[in-house]
1. For the condition touching a Phe, Trp or Tyr at 6+ places or on another chain (Cβ under 9 Å) and under 26 Å from ALA427 (Cα atoms), what is the one hit in PRO148, PRO228, PRO223?
2. When you look at ARG196, is it of a type outside the set (Val, Ile, Thr), more than 16 Å from ligand 2 (Cβ to nearest atom), at pLDDT 95 or above and not in a loop (DSSP other than H, G, I, E, B), yes or no?
3. With the condition kept exactly as written, say whether any residue in segment 345-355 is assigned to a helix (DSSP H, G or I), open to solvent by less than 20 Å² (accessible area, probe 1.4 Å), of a type in the set (Ser, Thr, Tyr) and not assigned by TED's automatic domain parsing to the domain that holds ARG504.
4. Surrounded by fewer than 23 Cβ atoms within 10 Å (Cβ to Cβ), more than 16 Å from ligand 3 (Cβ to nearest atom) and at negative phi: is that true of GLU79 in this structure?
5. Looking at segment 781-798, which of the residues that are touching a Phe, Trp or Tyr at 6+ places or on another chain (Cβ under 9 Å) and assigned to a strand (DSSP E or B) is farthest from ligand 3 (Cβ to nearest atom)?
6. Please verify whether segment 473-484 includes one or more residues that are part of a loop (DSSP other than H, G, I, E, B), open to solvent by 10 Å² or more (accessible area, probe 1.4 Å) and either of a type in the set (A, V, I, L, M, F, W, C) or closer than 19 Å to SER156 by Cβ (or both).
7. Does GLY531 qualify as being part of a helix (DSSP H, G or I), crowded, with 16+ Cβ neighbours inside 10 Å and in contact with a Leu (Cβ under 6 Å, 6 or more places away or on another chain)?
8. Condition check: at pLDDT 95 or above and over 29 Å from VAL15 (Cα atoms). Does ALA359 satisfy that?
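The values are calculated or read from the model by the stated rules, or taken from the named source; none is laboratory data. Values in this document were obtained by computation on a predicted structure and should not be read as measured data. When we count neighbours, we look across all protein chains shown, and the Cβ atoms used for this are built from the backbone with ideal geometry, even at glycine. Surface accessibility is based on the protein's heavy atoms, side chains included, excluding ligands, DNA and RNA. Shrake-Rupley method; radii C 1.70, N 1.55, O 1.52, S 1.80 Å.
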Amino acid sequence: MAENERLRVTGPKNVAAGLPGVTAGLAASVGEMGVVRGTRALLRVNKKDGFDCPGCAWPDPEHRSIAEFCENGAKAVAEEATKRKAGPEFFAEHSLTDLDGRDEYWLGKRGRLTHPLLRRPGSDRYEPVSWDDAIGLIAGELAALDHPDEALFYTSGRTSNEAAFLYQLLARAYGTNNLPDCSNMCHESSGVALGRSIGIGKGSVSLEDVHHADLLVIVGQNPGTNHPRMLTALEKAKKNGAAIVAVNPLPEAGLLRFKNPQTVRGMLGKGTQLADAHLPIRLGGDLALFQWIGRRLVEWGAADESFVDAHTEGRAAYEAHVRAVDADKVRAATGLELDDIDALARRFASSERVIVCWAMGVTQHRDAVATIQEITNVQLYRGMIGKPGAGLCPVRGHSNVQGDRTMGIYEHPPAWSGRLGEEFGFAVPTEPGAHTVDAIRAMRDGRAKVFIGLGGNFAAATPDTTVTEAALRNCRLTVQISTKPNRSHVVCGTTALILPTLGRTDLDEQAAGPQFVTVEDSMSAVHASRGRLKPPSGDLLSEVAIICRLGERLLGEGIPWREFAADYRTIRARIARVIPGFEDYEAKVATPDGFVLPHPPRDSRTFTTPSGRAGFTVSELSVLEVPAGRLLLQTLRSHDQYNTTIYGLDDRYRGVHNGRRVVLVNPSDLAELGLLDGDIVDIYSEWDGSSGSGSETAERAGTAADGGALEGEPIAGAPASDGVIGTDPNGHGGSGSAGPGTEIRHVHDFRIISYPTARGCAATYFPEANPLVPLDSTAKGSHTPVSKAIVVRLVKRP
Ligand SMILES: Nc1nc2c(c(=O)[nH]1)N[C@H]1C(S)=C(S)[C@@H](COP(=O)(O)OP(=O)(O)OC[C@H]3O[C@@H](n4cnc5c(=O)[nH]c(N)nc54)[C@H](O)[C@@H]3O)O[C@H]1N2
Ligand SMILES: Nc1nc2c(c(=O)[nH]1)N[C@H]1C(S)=C(S)[C@@H](COP(=O)(O)OP(=O)(O)OC[C@H]3O[C@@H](n4cnc5c(=O)[nH]c(N)nc54)[C@H](O)[C@@H]3O)O[C@H]1N2
Ligand SMILES: [Mo]
């Protein structure tokens, strides 16, 4: 039966969590872990002597409630601490050809990986291999490359500070800055924008600030699903009198009303109404929105004069620019009434403590960097940085993605390169390395030959799936350090290794005894995380151990890899010497709450920009043009997934059950397009190679934008079967040539759901829709794939 025949649609909900949330969380835990292991695991999540939840990067409150976790945290833990196992027997039974036909949901549900596995050249199977042979093989391939830049060292954001520090040390001591990471696809735009505007690429608020804000504006974020514990903080702010405004093309349940599962009232009552207003903005309209708000603040003389005078530069140019912002452009870009924007502007003007939060709805757009700078402009104008209850709050994704960056997982040499080189006696390479999109180009073009993934699911998480999969298959060696089977194990190089590793929840026993690791949350707080559960197999190594074994084999004993693997305190001692802010690291993480890293604008209104001032910026406003008959498509997360890990097939808050191949479309758009709720359509992505920042990206990469070739017209009435137009390795879509000079990216068999999204805007799930995201369609300045504004055409299947 086709997936969409089982699908059930019940319509969007307006309240999040409460009893159904608790039930879903517990059901997931008991199902995967059993009652005893499940309870044991959940009682340790985010506790002072427990492990950091592998869910999101939202900070832990100081007075942690008995169960400081949420439905989706429980699912994340259950997924990792599952009793199911995918051992060598599983891989003996299932060939690569077989696995190629399975989806991510099926792969993930096989359970934890238990043994190192090798796919030999030409073989259709993974077979067990010893750790020694596996490590020897990687070291051999790396040593044989013509240049270290032919290797790529990818990282996902669950990696601990200790493993991340050693991994970048390994890559750089070997000779490359090729350290692409999931951040390149995630909050890179925030890092770039904030770095330029305020001198540091991190958010400027604490959890206390959120509790005491009087206005919270949540832009392009769906906390009910992706940061459920944030709702508790919003509820608290609300009780303290805050107003909350949601800016989002979709009416997301968690933003409207919240039943706190940690309280009896929340479990049984009607819950708290969170959002006071919801602006159903058009995709990509936020730059225009904040420029208009800026215009009003200037017209109303609402500047915080003393802050602007003392701490900023560029005021005159900013004021002149926003005064001239064109109302028609703002209407077209945002799809909103100016009255509604003015109402929000008045809230900005009259509030004393304002926090703006944002996530992927802002960062994954062509003008993401400019948009975040525009948000910053408004906050600077009102003096909302470095004062209690106010600030900028990019809400990070992966639980340690911010820490990984602090530890130097970045394609540019870190600011502390000199200290790193001195500490370990080598010269840190100065050439910038590849970010994620460049990494794909490098593999595609044969410039990179070895890919190593420290966690993550590169094949599924990245854009332009057909191009990316071919690129990975083009490698001499791919290595995936993973906890569970995923698509990246199937789409592999000539030789491939799967190296199974410990997760957050697992007990990590080394020569010096049980180890803990450290992580940094979205608000720069660093603390310890201790796994306590028995690992799924005695053959797993920790991430630290794997990196150390490879380091020793590849680079010898000049760096004390053995000592590091035996006792993680010795790693932290080095971090303390190399990275500013980590002095006395060991002592500081010994305290239950850990410590907060310095943030000059937050701490003392100090701006470490070249001029010592925060900078207003001026950005040109351009409206995303969509040709007639097309829609703008965003790709987002359902309530039942963690990125590419699919927990289940329901999206409870949006009322979608038993299936994921759906596309949400506004009813008026459906009428205009002559389509109906329930229609099955193929989705074609249209990209002419210039509507993004293609030119800039291509320049930097030194390649033509050939991956982002021209769109073609789907032949009317004859929707392409994948076999005809595209190569479709997964049966899920592709980008194939439809004749000279044309290329069509498409996915097939999506069910239309009539849904209250903004006019002209559609939504579908990541990663199923990733074949539609053109490789060269990236955000200006941050190279983040534009996953939330794809021009598409829906073609009804006959
Ligand atoms: N349970 C769970 N938790 C997670 C994750 C998960 O997959 N599952 N992923 C983690 C990771 S890595 C991340 S980065 C975060 C992601 O957290 P989110 O950013 O909340 O994730 P998305 O599902 O991508 O949701 C984007 C939201 O932005 C809105 N949006 C899209 N485009 C626009 C726009 O142009 N303007 C505005 N104003 N809004 C827009 C969408 O409608 C949607 O509500 O969550 C983290 N936490
Ligand atoms: N179209 C579209 N694409 C997107 C996005 C989008 O919104 N739309 N979002 C982007 C974002 S925000 C992100 S962050 C990326 C995510 O990209 P990734 O971080 O690469 O992907 P994940 O799905 O989080 O990775 C899941 C895999 O990590 C492994 N894993 C889990 N825990 C551990 C661990 O503790 N150690 C190790 N070594 N491995 C572990 C498991 O094997 C699992 O299969 O995707 C991006 N891609
Ligand atoms: Mo992310």
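1. Working: PRO228 fails: under 26 Å from ALA427 (Cα atoms); PRO223 fails: under 26 Å from ALA427 (Cα atoms).
PRO148 is the lone residue from the list that is touching a Phe, Trp or Tyr at 6+ places or on another chain (Cβ under 9 Å) and under 26 Å from ALA427 (Cα atoms).
2. Values: of a type outside the set (Val, Ile, Thr): yes; more than 16 Å from ligand 2 (Cβ to nearest atom): yes; at pLDDT 95 or above: yes; not in a loop (DSSP other than H, G, I, E, B): yes.
It is true that ARG196 is of a type outside the set (Val, Ile, Thr), more than 16 Å from ligand 2 (Cβ to nearest atom), at pLDDT 95 or above and not in a loop (DSSP other than H, G, I, E, B).
3. no
4. On the way: surrounded by fewer than 23 Cβ atoms within 10 Å (Cβ to Cβ): no; more than 16 Å from ligand 3 (Cβ to nearest atom): yes; at negative phi: yes.
So GLU79 does not fit the description; no.
5. Here the residue is VAL795.
6. Taking every residue of segment 473-484 in turn, at least one turns out to be part of a loop (DSSP other than H, G, I, E, B), open to solvent by 10 Å² or more (accessible area, probe 1.4 Å) and either of a type in the set (A, V, I, L, M, F, W, C) or closer than 19 Å to SER156 by Cβ (or both).
7. On the way: part of a helix (DSSP H, G or I): no; crowded, with 16+ Cβ neighbours inside 10 Å: yes; in contact with a Leu (Cβ under 6 Å, 6 or more places away or on another chain): yes.
Taking the combined requirement at face value, the residue does not satisfy it.
8. Spelling it out, it is not the case that ALA359 is at pLDDT 95 or above and over 29 Å from VAL15 (Cα atoms).
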